[in-house]
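The values are calculated or read from the model by the stated rules, or taken from the named source; none is laboratory data. Computed from a prediction, not measured in an experiment: that's the story for all the values here. Cβ coordinates were reconstructed from backbone atoms using ideal geometry, including for glycine residues, and neighbour counts include every protein chain displayed.
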Amino acid sequence: MTKQQQGEETDHSQQTPARLDELTRANEQLRQELAQLNAAYRTLTRERDLLRALIDHLPEYLYIKDTNSRFILGNAATARGLGVSGPEQYVSKDDFDFFPPELARQYYANEQSVLRSGQPLLNQEEVVVDPSGKEGWASTSTIALRNDEGQIIGLVGISRDITELKLTQEALSRQNAYLAALHDTTLALISHLDLNDLLENLVSRAGELMGAAHGFIYLVEPGMVQK
């Protein structure tokens with residue numbers, strides 16, 4: 001073995017421990033980074049599960065759609081409202097798969113308006129039909145969903161059932177109409193209208209309240225009714 005070969009062998013023998021130390025440190029660094037990534041993944045998974053549990057317990061319909069108004073994801077309430085057992089049965093579908101065409105066209109037009117303009121549509125009152133075919137009302141808010149560059153990539157919608165509220169409002173409206181009719185009739189009595197004028201007034205007001213075009217009042221004199 002020449003002196004040159006002996007020198008090279010000595011250099012390699014000196015480099016080997018240093019190289020092993022370097023690889024050991026690199027391996028330890030990778031191990032720590034992997035542990036951090038695993039911890040971050042577990043945290044994200046836990047947060048995702050908590051968020052999923054939260055939105056699935058919301059009574060409101062919460063969903064995300066793409067730019068073609070197709071469902072990307074949503075909560076359990078949305079599934080119930082569409083008459084399916086879970087979100088997997090409406091993902092990639094749209095409102096035309098679940099609602100009458102005239103309603104689906106209305107929903108689609110509203111959503112596409114938001115996607116074009118970027119302006120939110122808040123508390124829009126819409127007629128809805130449940131899986132049994134029963135009509136109701138919902139208040140819907142639609143907001144454009146943007147990516148990091150600000151481009152619109154879809155929409156977020158939240159809708160709540162306001163059928164009971166609308167029925168209550170209609171009942172109050174009818175009650176107010178009855179009170180107004182009673183008030184008008186009382187004023188007519190106070191002003192001593194002619195009997196025929198008073199009866200015509202009563203029939204007219206009753207027709208307005210009941211949505212009837214014609215009405216009659218039968219006057220019964222004492223003794224005409226047989227017991």
Qualifying position, being of a type outside the set (Val, Ile, Thr), in contact with an Asp or Glu (Cβ under 9 Å, 6 or more places away or on another chain) and assigned by TED's automatic domain parsing to the domain that holds residue 103, among 154, 133:
154
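Just checking, how many residues over the stretch 91-124 are of a type in the set (Gly, Ala, Ser), assigned to a loop (DSSP other than H, G, I, E, B) and free of Cβ contacts under 8 Å to residues at least 24 places away in the same chain?
Result for the stretch 91-124: 1.
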Only one of these is closer than 22 Å to residue 159 by Cα and assigned to a helix (DSSP H, G or I): 78, 24. Name it.
78
Output the residues belonging to the stretch 156-180 that are of a type in the set (A, V, I, L, M, F, W, C) and outside any strand (DSSP E or B).
162, 165, 167, 171, 172, 177, 179, 180
Limited to the stretch 109-125, what total is found for residues that are over 14 Å from residue 164 (Cα atoms) and under 14 Å from the mean Cα position of the chain (by Cα)?
7
Filtering the stretch 1-21 for residues that are assigned to a helix (DSSP H, G or I) and at pLDDT below 60 leaves a count of 12
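Take the conditions more than 14 Å from residue 81 (Cα to Cα) and either in a strand (DSSP E or B) or out of contact with any Ser or Thr (no Cβ under 7 Å at 6 or more places or on another chain) (or both) and apply them to residue 138. Does it pass? Lay out the reasoning, then the answer.
On the way: more than 14 Å from residue 81 (Cα to Cα): no; either in a strand (DSSP E or B) or out of contact with any Ser or Thr (no Cβ under 7 Å at 6 or more places or on another chain) (or both): yes.
Against the criterion (more than 14 Å from residue 81 (Cα to Cα) and either in a strand (DSSP E or B) or out of contact with any Ser or Thr (no Cβ under 7 Å at 6 or more places or on another chain) (or both)), residue 138 does not qualify.
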Here are some conditions: (1) under 14 Å from residue 131 (Cβ atoms); (2) out of contact with any helix residue (DSSP H, G or I) (no Cβ under 7 Å at 6 or more places or on another chain); (3) in a loop (DSSP other than H, G, I, E, B). Residue 85 meets all but one. Which one does it not meet?
(2)
